[in-house]
Each structure stands twice: as C-alpha cells, then as structure tokens.
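Peer 1: Quick one: structure below, then a few questions.
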Amino acid sequence: QVQLVESGGGLVQPGGSLGLSCAASGSSFSFDAMGWFRQAPGKERELVATITSGGSTNYADSVKGRFTVSRDNAKNTVYLQMNSLKPEDTAVYYCNAIRYWVSGVRFDYWGQGTQVTVSS
C-alpha cells in the first residue's frame, strides 16, 4: 500500500542546481531512514544520500559537499538539493524508504525513479 513518488527531475547545465522530492503515501507510520539512490545506464545502482528519522545523514563521496538531503517527518517526505551538478551526476534517481518492524524485519520501499540529466 505504501507508495513513494519522486518529483523534480529534469535537464540542467553543468554547475546548475536541481531539487528532488519524494513523498510517501499510504502509510500510517514514519520511516527509520529515507534517502536517494541513482543508476546510470550500464551501471549498478549506487547510494547517493540517506537520512534517518533523527536527522543523521550519509553521503556518497562523489556528492559530498554538493548535495544535501533533508526530510519532513510529519509529511513523510525526503528531499535532495543538488548543487554544482556535473555530467557524471546524470542518472535516474530513486527514492528509498526503510522501516524496521518490531520483530527486527527490515522493509524497503522504492520509488519509480526520476531522470536527472546534466548537460550543456
């Protein structure tokens, strides 16, 4: 029943900025962690950034200092502000949400992705 919907993708020039958002619907609970992964053609999906419900963040080295992940727990929404974009950032960006059940079982939810293209 939980659905994650990404928005904000598009085409930007190198050095430009773009903001992504991901809203979770159909859930009556908050997520222990939310974040972003990306996948370029022919490459494996890789971690971009994550943030816990407590605000602890984690970034891939390639985006550290350029991207900022944040979340609104009340709205079950996670954001990714991307600055100083490079052509290498071109990929489909996927929203991810994680919840640990009381039994210890981990539940992962994924959005369908939004295309980010950085090109002149």
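Peer 1: Scan segment 76-120 residue by residue and report those that are of a type in the set (A, V, I, L, M, F, W, C) and either within 17 Å of PRO41 (Cα to Cα) or touching a helix residue (DSSP H, G or I) at 6+ places or on another chain (Cβ under 6 Å) (or both).
Peer 2: ALA91, VAL92, VAL116, VAL118 - these are the residues of segment 76-120 that are of a type in the set (A, V, I, L, M, F, W, C) and either within 17 Å of PRO41 (Cα to Cα) or touching a helix residue (DSSP H, G or I) at 6+ places or on another chain (Cβ under 6 Å) (or both).
Peer 1: Give me the pairs, please: first residue somewhere in segment 97-114 and without any contact (Cβ under 8 Å) to a residue 12 or more places away in the chain, second residue anywhere and assigned to a strand (DSSP E or B), beta-carbon distance under 8 Å, and either six or more positions apart or on two chains.
Peer 2: TRP101/PHE107; ARG106/ILE98; ARG106/ARG99; ARG106/TYR100; PHE107/ILE98; PHE107/ARG99; PHE107/TYR100
Peer 1: Let me ask you something else. Contact list please: Cβ distance under 7 Å, first residue in segment 23-34 and touching a residue at least 60 places away in the same chain (Cβ under 8 Å) and under 19 Å from SER56 (Cα atoms), second residue basic (Lys, Arg) and open to solvent by less than 50 Å² (accessible area, probe 1.4 Å), pairs at least six apart or on different chains.
Peer 2: From segment 23-34, the pairs are MET34/ARG71.
Peer 1: Restricting the search to segment 36-79, which residues are buried (at least 20 other Cβ atoms within 10 Å of the Cβ) and on the phi > 0 side of the Ramachandran plot?
Peer 2: Within segment 36-79, just ASN76 meets the criteria.
The values are calculated or read from the model by the stated rules, or taken from the named source; none is laboratory data. Quick caveat: nothing in here was measured; it's all calculated off a predicted structure. Positions of Cβ are backbone-derived with ideal geometry, glycine not excepted, and every protein chain shown enters the neighbour counts. What goes into the accessible areas is simple: the full protein's heavy atoms, side chains included, and nothing from ligands, DNA or RNA. Shrake-Rupley method; radii C 1.70, N 1.55, O 1.52, S 1.80 Å.
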